[in-house]
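Participant: My questions all concern the structure below.
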């Protein structure tokens, strides 16, 4: 059976590989995040990549926290295992968008507050990365698996709207 995801996506980081030890698991997820974003200078679509480091949440940067947790209230977000499993995916999606891979859709978008963002999604819209565009630089903002069909359809519609504005 073939994987539904492109072969360039890193494997999942599974809690079971850490014998259920959540502390070790999260430490490894953080190490991967730091390797991909904190320990090297990188660019995305020709712009310098920064990180939202503050506020620190549980001792972690705001960007890392948004990559591994979910919830509408900032101070009341919960760690989401499916987000943790895919901690290496945001960096891989950025690299795929940079090389104009046919495995991703990349479009200019906006967040609910009207701020400019760049959305990067797998072509089946099963995973989304949101990057805040700050003009001279970008900030990876959040990333998550998209589980529900209506959410995927909504993303597809946003892509189509962006393409119609462009063209």
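Participant: Of the residues that sit in the range 111-131 and are surrounded by 15 or more Cβ atoms within 10 Å (Cβ to Cβ) and without any contact (Cβ under 8 Å) to a residue 40 or more places away in the chain, which one is farthest from residue 10 (Cα to Cα)?
Facilitator: Ranking the candidates gives 117 first.
Participant: With the structure loaded, tell me whether residue 91 is closer than 15 Å to residue 36 by Cβ, without any contact (Cβ under 8 Å) to a residue 60 or more places away in the chain and not in a strand (DSSP E or B) or whether it fails that test.
Facilitator: When the stated conditions are applied, residue 91 passes them.
Participant: Something else: In this structure, does residue 147 turn out to be under 25 Å from residue 25 (Cα atoms) and surrounded by fewer than 20 Cβ atoms within 10 Å (Cβ to Cβ)?
Facilitator: yes
Participant: Exactly one of (1) without any contact (Cβ under 8 Å) to a residue 12 or more places away in the chain; (2) within 18 Å of residue 141 (Cβ to Cβ); (3) touching a helix residue (DSSP H, G or I) at 6+ places or on another chain (Cβ under 8 Å) is unmet by residue 18. Its number?
Facilitator: It fails just one condition, (2).
Participant: Taking only the range 57-70 into account, find how many residues are without any contact (Cβ under 8 Å) to a residue 60 or more places away in the chain and either assigned to a helix (DSSP H, G or I) or surrounded by 12 or more Cβ atoms within 10 Å (Cβ to Cβ) (or both). Steps first, answer last, please.
Facilitator: As a first pass, look at the range 57-70 and keep what is without any contact (Cβ under 8 Å) to a residue 60 or more places away in the chain: 57-62, 64-65, 68-69.
Subsequent filtering for residues that are either assigned to a helix (DSSP H, G or I) or surrounded by 12 or more Cβ atoms within 10 Å (Cβ to Cβ) (or both) retains 57, 60-62, 64-65, 68-69.
Here the count works out to 8.
Participant: Let me ask something else about it. Which of (1) closer than 18 Å to residue 130 by Cβ; (2) touching a helix residue (DSSP H, G or I) at 6+ places or on another chain (Cβ under 9 Å); (3) touching a residue at least 24 places away in the same chain (Cβ under 8 Å) is the odd one out, the single condition residue 47 does not satisfy?
Facilitator: In the conditions (1) closer than 18 Å to residue 130 by Cβ; (2) touching a helix residue (DSSP H, G or I) at 6+ places or on another chain (Cβ under 9 Å); (3) touching a residue at least 24 places away in the same chain (Cβ under 8 Å), residue 47 misses (2) alone.
Just so you know, all these numbers are worked out from the coordinates, no wet-lab data involved. Predicted, not measured: the structure shown is a model, and the values here were computed from it. Using ideal geometry, Cβ is built from the backbone for each residue, glycine included, and neighbour counts are taken over all protein chains shown.
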